1. For the ranges 37-44, 55-62, 11-18, what's the packing order if you count other beta-carbon atoms within 10 Å of each residue, average per peptide, and put the highest first?
2. When the Karplus curve 6.51 cos²θ - 1.76 cosθ + 1.60 is applied with θ = phi - 60°, which whole-Hz ³J(HN,Hα) does each residue of the range 34-46 get, with x for Gly and Pro?
Amino acid sequence: MVSEPGHPGQPVYDRWFLLGEKRNQPLALCEVQQYGRDSFDDPDYVSVYGLTPPEWHASGVRILGRSAPRETSSSTSSNNAAHPARL
């Protein structure tokens with residue numbers, strides 16, 4: 001398990017952790033936000049249909065560890081949709 005500097009024993013919620021150990025497990029809201037924080041410095045990075053994690057979690061939506069890295073922020077999705085030629 002890789003730990004954040006200064007936080008021994010706490011895993012870094014990055015792509016490899018979610019696709020490995022947490023792959024088939026439903027993520028709690030705090031884990032989704034930790035992934036966004038650790039990987040993109042944004043706890044609301046994992047956007048589902050334009051909703052932030054607290055919004056979609058409150059409506060009952062849950063995602064597995066393997067799904068979180070595939071979601072993108074709303075701003076990233078909007079930018080890609082507006083400029084497909086850049087992709």
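No value in this document is a laboratory result; all are computed from the given coordinates. Because the structure is a prediction, the values reported are computed rather than measured. Here the Cβ is made from the backbone with ideal geometry for all residues, glycine too, and neighbour counts use every protein chain on show.
1. 11-18, 37-44, 55-62
2. 5, 4, x, 5, 5, 8, 9, 6, 8, x, 9, 4, 7
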